[in-house]
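Q: Sending over a structure as structure tokens; questions will come in a sec.
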2 protein chains.
Amino acid sequence: MKKIIDPWGAGLPEDYERIVKDFGLEPYRNDLPEENRLMRRGIVFAGRDIAAIAGAIKKKKPFYVLSGIMPSGEKIHLGNKMVVENIAYFQKMGGKAYILVADLEAASARGISLEEAKKRALNFHIPAYVALGLDPKKTTFYFQSENKKVIHMAYEFAKKITLNEFEAIYGSADPGRILSAITQVGDILYPQLEKPMPGVIPVGVDQDPHIRLTRDVVRRTQSKYKFVLPSSLYHKYTPSLKGGLKMSKSEQGSYIELPEDPKSACKKIQRALTGGRKTLEEQKRLGAEIEKDMVFELMKQHLVEDDAELQRIHDDYKGGRMSSGELKALACEKMTDFLEDFKSRLDKARKNIEELNFVKFS
Amino acid sequence: MKKIIDPWGAGLPEDYERIVKDFGLEPYRNDLPEENRLMRRGIVFAGRDIAAIAGAIKKKKPFYVLSGIMPSGEKIHLGNKMVVENIAYFQKMGGKAYILVADLEAASARGISLEEAKKRALNFHIPAYVALGLDPKKTTFYFQSENKKVIHMAYEFAKKITLNEFEAIYGSADPGRILSAITQVGDILYPQLEKPMPGVIPVGVDQDPHIRLTRDVVRRTQSKYKFVLPSSLYHKYTPSLKGGLKMSKSEQGSYIELPEDPKSACKKIQRALTGGRKTLEEQKRLGAEIEKDMVFELMKQHLVEDDAELQRIHDDYKGGRMSSGELKALACEKMTDFLEDFKSRLDKARKNIEELNFVKFS
């Protein structure tokens, strides 16, 4: 099958090219075996030390995949969904998964109390991750505030970084964010405390500063720890439904939340920016400008798993055999299915929250 | 008895006057009941909210006294001795004493491992504090690294301070020192978690930034915690034996360590800067320039407990009836007694280390 999805074809390609160049990332070039949808379609677009993870998978060597939950609201978004899909992929490929609740960071960077953070994580965020495909039986969970080893690493690593370096990496620095970032470094390296091994952090590219900080710390603590430099894997943002680089809470109608009422989501899809022509006649004659179509992008990133099906939609829409209204109706139908399925999985996961593998700390 | 000791008469008075003015401290004016040697003699020279503690003592209300041990070496110094003497005073006056081992700070600000810090504190620093007069039976001890409540407060309070404020208070900022300082804030307020009450931190005046930071945090967290603003009590530095504001490890022969071989200490006293005259005849005729005499200052601050005895030495030396050599011989004798006594108390305290009240954390 010919590849319809150009890795650089979605969203605002020049932004991603610039990011890769500016931060010295590796472009993702189908490096991993048995790729998931995000990898096949170039939504995963870059990373660091991807070969270390590809190698561990191929040689069946131990590696880990890790992500943090920031319990700052009672909703998550499609970016979180992509992270979970990638974690689930690495779990399937033999990686040991860690999910930490960043309750200390919620306190230091966002002023959320530990009690509130814990409550939100247990009531919503962790069940939501399970609903999105995380295999809870194969996942180790912990709360930062209870993990003294992580905290102790944070204090130790703080000595390894200057304020200037911090500002160079993050663009700014304040006490809360410094504590938050340095604690993330502890989290990312925690799975290696017992035994150094490769690990991968699948994350939005805006999180790359944490990866760089962690890799700097790893280099500076080699004499003591022998940590392996952690790998990372970056996915693109889901573009705003109104056009533009990403969905954002500050732009009304630009984003879909999880959970969200399907009617509300469909209304946003109805009003989304499309690449359809002004008249039905023009649409039939010229076909859609598909690279400008935010609804097609949503289908590609999130709603259509099967490549052949996506190819058909692509060809029909671009070829003028499908109208913009028909595409939106199809997207609404698929979004409704997804949101309803998410909701019922979420309810089920909530009931089973007690069975998760939380690390017991002495 | 007339007061021979002018509170502003020792060391470099203008420095202390300036410090009081610049930092908005309260001058200490014999505010506390049943004063100890340091208070009577103006070596304790300033503080913050001293009246709150004086009031608690007089009304027999609950209050606490707290200090931290920084296990960064295998020696302590005469400044630590003054802190312990003040803690012992407040213990006697009914205060609840807390001694914490700042092992997280040792890691974040000085790069000392937690294991090493713990070993040093148990083998040396805590027994040394007991040897200097701390009542271990009435003292609560803890290690920062084991006290999650302190750590959680540190993360929470980090959000309350900007980098600019931190730099304004400390003159500079780096990640290690930020973590260190913010954790001290947690320590200082920890005894109030169960019930807000006055507390006093007796400390060298160079530690005032921590007190200011803590008081700022207290003001900003009133809606949640109702902490009482902590009080502080500042003592002067012990001046360098060679003259100058303070004993310093960077100036050879300027300082006495604990423990130290009495012979080595006496040699330093022999070489100290005195206010004795050039010839014995002049000394008899004019008397010593006692305000320039570092040996007399050492006697006043550390070696002579009895005021009447100190008065006699003062009058004899200033009146020309005692030579500088005689003063030094007397100081050496008293220093030898003190160092030998310290050593034997230290050995005894080491044997009883298991009996201390360490907080058990779940």
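Every read-out reported here was derived from the displayed coordinates using simple, explicitly stated rules and does not represent laboratory data. All of these numbers come straight from a predicted model, not from anything done at the bench. All Cβ positions, glycine included, derive from the backbone under ideal geometry; neighbour counts span all protein chains shown.
Q: Roughly how tilted is helix B:175-189, in degrees to the nearest 10 and between 0 and 90, from the longest Cα axis of chain B?
A: 90
Q: Then there's this: For the stretch A:39-106, which trypsin sites (Lys or Arg not before Pro) pass both filters: DSSP loop (anything but H, G, I, E, B) and at most 12 other C-beta atoms within 10 Å? Display every interim value, and only then the final one.
A: Values: sites: A:R40, A:R41, A:R48, A:K58, A:K59, A:K60, A:K75, A:K81, A:K92, A:K96; in loops: A:R41, A:K59, A:K60, A:K75.
Hits after loop and neighbour filter: A:K59, A:K60.
Q: Ok, one more. Would you kindly work out, in nm and rounded to one decimal, the distances from the label point of A:S223 to those of the same position in each other copy, ordered shortest first, with label points 7 Å along Cα-to-Cβ?
A: 4.8
Q: In nm, to one decimal, how far is the B:E355 label point from the A:T162 one, both placed 7 Å along Cα→Cβ?
A: 5.1
Q: Ranked from highest to lowest mean number of other Cβ atoms within 10 Å per residue, what is the order of the peptides B:340-348, A:115-123? Kindly include the intermediate steps, with their values, before the conclusion.
A: On the way: B:340-348: 13.7, A:115-123: 17.4.
Output ranking for B:340-348, A:115-123: A:115-123, B:340-348.
Q: Taking beta carbons within 10 Å but only from partner chains, what does the mean come to for residues A:145-157?
A: On the way: counts 4, 1, 0, 6, 0, 0, 7, 8, 1, 7, 17, 10, 5.
That average works out to 5.
Q: For A:103-111, what's the mean count of beta carbons from other chains sitting within 10 Å of each residue's beta carbon?
A: Mean inter-chain Cβ contacts per residue within 10 Å come to 4.
Q: Based solely on its DSSP helices, what 222 nm [θ] is calculated for chain A when runs of n ≥ 4 H residues each add -39,500 (n - 2.57) and the sum is averaged over all residues, nearest 500 deg cm²/dmol?
A: Rounded to the nearest 500, the figure is -14000 deg cm²/dmol.
Q: Distances in nm, one decimal, shortest first, from A:P62 to the same residue in every other copy, taking the label point 7 angstrom along Cα→Cβ.
A: Spelled out, the distances from A:P62's label point are 4.8 nm.
Q: In addition: Classify the stretch A:59-146: rounded, prolate or oblate, from the alpha-carbon gyration tensor (a ≥ b ≥ c, eigenvalue square roots; a/c under 1.5 rounded; otherwise prolate if a/b is larger than b/c)?
A: prolate
Q: While we're looking at this one, here's another question. Using θ = phi - 60° and the Karplus relation 6.51 cos²θ - 1.76 cosθ + 1.60, list the HN-Hα couplings for the stretch B:140-149 in order, rounded to whole Hz, with x at every Gly or Pro.
A: Values, residue by residue: 9, 10, 8, 9, 3, 5, 9, 9, 4, 5 Hz.
Q: Applying 1/(1 + (r/R0)^6) with R0 = 60 Å to the Cβ-Cβ distance of A:L286 and A:E115, what FRET efficiency is obtained, to the nearest 0.05?
A: 0.55
Q: Please list the non-local residues whose amide H lies under 5 Å from the amide H of A:T140, H modeled 1.01 Å from N, same-chain partners needing a gap of 5 or more.
A: Counting only residues 5 or more places away or on other chains, the set is A:A97, A:Y98, A:I99.
Q: Then there's this: What does the extension gain come out to for A:S344 and A:D206, with contour length at 0.36 nm per residue minus their alpha carbon separation?
A: Extra length available between A:S344 and A:D206 comes to 46.6 nm.
Q: How far apart, in nanometres, would the label points at A:S172 and A:K224 be if each is projected 7 angstrom from Cα along the Cα-to-Cβ direction?
A: Each label point lies 7 Å from its Cα, and together they span 3.1 nm.
Q: May I pose another question? Is the stretch A:137-242 rounded, prolate or oblate when judged by the Cα gyration tensor, a ≥ b ≥ c being the square roots of its eigenvalues, rounded requiring a/c under 1.5 and prolate requiring a/b larger than b/c? Numbers along the way, then the final one.
A: Values: a/c = 1.57, a/b = 1.17, b/c = 1.34.
In terms of gyration-tensor shape, oblate.
Q: Return a whole-number percent for the relative contact order of chain B, with Cα pairs under 8 Å and 6 or more residues apart as the contact set.
A: Relative CO of chain B lands at 19 percent.
Q: Something else now. Other chains near B:182-188: what is the mean number of their Cβ atoms within 10 Å of each residue's Cβ?
A: Mean inter-chain Cβ contacts per residue within 10 Å come to 1.
Q: Here's another thing I want to ask about it. Dividing the Cα radius of gyration by the Kirkwood radius, what Rg/Rh value follows for chain A?
A: 0.98
Q: Considering the dipole of the protein assembly as shown built from charges on the beta carbon (Lys and Arg +1, Asp and Glu -1) around the Cα centre, which of A:P191, A:L258, A:L38 is farthest to its positive end?
A: A:P191
Q: I would also like to ask the following. How large is the charge dipole for chain B, taken about the Cα centre, if only the Cβ atoms of Lys, Arg (+1) and Asp, Glu (-1) carry charge, to the nearest 20 debye?
A: 740
Q: Between copies, how close do the A:G111 label points come, placed 7 Å along Cα→Cβ, listed in nm from shortest?
A: 3.7
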